[in-house]
Amino acid sequence: MGRFALMLLGACLSVSATAADVIKGERKETFGDVTVHYNTFHSTYLTPEIAKAAELIRSKNQGVINVSVIKGGKPLMAQVSGTVKDLTSKSVPLTFRQVTEQGAIYYLAQYPVDQQETRTFEIKVQTGDKINTINFNQELFPGE
């Protein structure tokens with residue numbers, strides 16, 4: 001597993017510092033033979049080197065959402081899009097970038113975290129002509 005993949009795994013496991021509400025131990029949804037793994041974390045969990053390599057901004061006011069799509073135990077290319085809404089229903093589009101490493105494909109997007117609040121995420125994952133949607137809430141905190 002590449003350095004970037006290990007970093008993302010570590011950041012995902014550290015999510016408890018970002019989320020206060022109770023979340024599943026492993027965030028995933030299964031749609032037939034396709035499994036979508038997803039997680040959010042603060043961009044400050046990334047080392048400066050990893051953030052630069054992934055073209056992400058490290059900031060106490062920036063979150064990252066990481067999505068991976070698996071089929072038959074192997075990474076699957078997909079089209080990933082989504083939005084994040086605050087409590088006033090103000091919606092921010094999520095612009096996902098594909099990051100490919102040996103044996104792994106990730107879709108990463110950043111979003112602002114200006115204050116403590118619960119956000120609603122809607123992620124659409126398209127594989128072939130099928131579009132699956134994941135909705136979840138997460139309480140977020142700006143970093144320190």
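The values are calculated or read from the model by the stated rules, or taken from the named source; none is laboratory data. Given the structure is predicted, the values throughout are model-derived calculations rather than measurements. Here the Cβ is made from the backbone with ideal geometry for all residues, glycine too, and neighbour counts use every protein chain on show.
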Note to self: Please determine whether any residue of region 26-47 is assigned to a strand (DSSP E or B) and of a type in the set (D, E, K, R).
What the structure shows: yes
Selection from region 79-100 of residues in a strand (DSSP E or B) and in contact with a Leu (Cβ under 9 Å, 6 or more places away or on another chain) yields V80, S81, G82, T83, V84, R97, Q98, V99
If you go through Q126, Q110, the only one that is outside any loop (DSSP other than H, G, I, E, B), in contact (Cβ under 8 Å) with a residue 24 or more places away in the chain, touching a strand residue (DSSP E or B) at 6+ places or on another chain (Cβ under 6 Å) and surrounded by fewer than 16 Cβ atoms within 10 Å (Cβ to Cβ) is Q126
From the option list S89, S81, single residue qualifying as surrounded by fewer than 20 Cβ atoms within 10 Å (Cβ to Cβ) and either among the aliphatic types (A, V, I, L, M) or free of Cβ contacts under 8 Å to residues at least 24 places away in the same chain (or both) is S89
N61: closer than 15 Å to T40 by Cβ and surrounded by fewer than 14 Cβ atoms within 10 Å (Cβ to Cβ), yes or no? no
Any chance G103 is over 20 Å from K52 (Cβ atoms), crowded, with 20+ Cβ neighbours inside 10 Å, in contact (Cβ under 8 Å) with a residue 12 or more places away in the chain and of a type in the set (G, A, S): no
**Message:** Residue under question is R97, and the condition is that it be under 16 Å from T40 (Cβ atoms), touching a residue at least 40 places away in the same chain (Cβ under 8 Å) and basic (K, R); does it hold?
**Reply:** yes
Note to self: Just to be sure before I move on: is V80 among the aliphatic types (A, V, I, L, M) and modelled with pLDDT under 95 in the structure I sent?
What the structure shows: no
Subset of region 49-78, residues within 15 Å of the chain's Cα centre (by Cα) and touching a residue at least 40 places away in the same chain (Cβ under 8 Å), comes to A54, E55, L56, I57, Q62, G63, V64, I65, N66, V67, V69, A78
If we ask which residues in region 129-141 are touching a residue at least 24 places away in the same chain (Cβ under 8 Å), surrounded by fewer than 17 Cβ atoms within 10 Å (Cβ to Cβ) and either closer than 25 Å to A53 by Cβ or out of contact with any strand residue (DSSP E or B) (no Cβ under 7 Å at 6 or more places or on another chain) (or both), their number turns out to be 2
